[in-house]
Amino acid sequence: MREALGKLQLNDAALRYEPEVNNAMGFGFRCGFLGLLHMEIVQERLEREYDLDLVTTAPTVVYRAHCTDGTEKVVNSPGDLPEATKRTGISEPFCRLEMVTPKEFVGPLMDLATGRRGEFVEMKYLTDSRTTLVFNIPLAEVVTDYFDQLKSRSKGYASMEYKLTGYQKSDLVLLELKINGEPAEPLSVIVHKDSAYRTGKALCLKLKELIPRQMFKVPIQAYIGGKIIASEQIAPYRKDVLAKC
């Protein structure tokens, strides 16, 4: 894997990677991409050209936890986050996002940005028919499917660029999951408090689809600090009492 990434980086200067060890996933690499499309291209090349079977995780950003002793801790994954009693807050990276769009798509794109916790900065008219929208928005909201949504809502006519502006404190929480009463640490995510229920419910529903049924019921729970905010249950197989032995 290391050799394949090294060779690929020779003709793809935008690719960045560093080794990482995870308690659940084992040894792997944390990679940096220009976006989701770039990630998909790199993944396809690694699988096709180097015959690798890859497991990729959802895109994340680097957070900073403010500890009670006055120090800051870099948080690369949810497992690195200090306990709630040992931190005073969490900061996340923000960026200045500029979207250039025909004026008829201004409304849908403003709804998209504000729905992703974006703060409106200004709107500039480049011509009579083209407009630039500027927002201050968390980087975590941009690195997932923001570009795809931008193209979808503008019928492919809008474009975007963003620049990191620094870290800001946000009302972030650690969302954890339990499957059949056992913590599923690799599925933990850091989310904004306002979207915690929606994210937890979506994760529970997705796991309900993926986990096979058993002879016993399997509860799936999303919780924050011990408080359950969303749950689903996989029903057990029912015994056919009329079936002949």
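The values are calculated or read from the model by the stated rules, or taken from the named source; none is laboratory data. All values derive from a computational prediction rather than experimental measurement. Because the Cβ atoms are built from the backbone with ideal geometry, glycine has one as well, and the counts that use them run over all protein chains shown.
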**Asked** Name the pairs whose Cβ atoms lie under 8 Å apart, with the first residue in region 69-82 and at negative phi and not assigned by TED's automatic domain parsing to the domain that holds R30, the second part of a loop (DSSP other than H, G, I, E, B) and loosely packed, with under 13 Cβ neighbours inside 10 Å, and 6 or more positions between them or separate chains?
**Response** G79/N23
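Assess whether S195 counts as being in contact with a helix residue (DSSP H, G or I) (Cβ under 7 Å, 6 or more places away or on another chain) and among the hydroxyl-bearing types (S, T, Y).
The answer is no for S195.
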**Item:** Cross-chain or 6+ apart pairs with Cβ under 9 Å, region 143-158 first and on the phi > 0 side of the Ramachandran plot, then surrounded by 14 or more Cβ atoms within 10 Å (Cβ to Cβ) and of a type in the set (A, V, I, L, M)
**Value:** none
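Select from region 120-151 the residues that are in a strand (DSSP E or B) and more than 19 Å from V61 (Cα to Cα) and list them in ascending order.
Step one: of region 120-151, the residues in a strand (DSSP E or B) are 120-125, 130-138.
Scanning region 120-151 gives F120, V121, E122, M123, K124, Y125, R130, T131, T132, L133, V134.
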**Message:** Restricting to region 196-235, name every residue that is closer than 23 Å to E141 by Cβ, without any contact (Cβ under 8 Å) to a residue 12 or more places away in the chain and among the small types (G, A, S).
**Reply:** A202
**Request:** Among what's in region 1-50 and is touching a Cys at 6+ places or on another chain (Cβ under 8 Å) and assigned to a helix (DSSP H, G or I), pick the residue that is nearest to V61 (Cα to Cα).
**Result:** M39
**Message:** Under 9 Å between Cβ atoms, which residue pairs at least 6 apart in sequence (or on different chains) link something in region 50-66 that is over 30 Å from T88 (Cβ atoms) and in the same structural domain as P186 (by TED's automatic domain parsing) with a partner that is among the polar types (S, T, N, Q) and modelled with pLDDT under 85?
**Reply:** none
**Request:** Examine region 65-80 for a residue that is modelled with pLDDT under 90, within 24 Å of L175 (Cβ to Cβ) and not in a helix (DSSP H, G or I), and state whether such a residue exists.
**Result:** yes
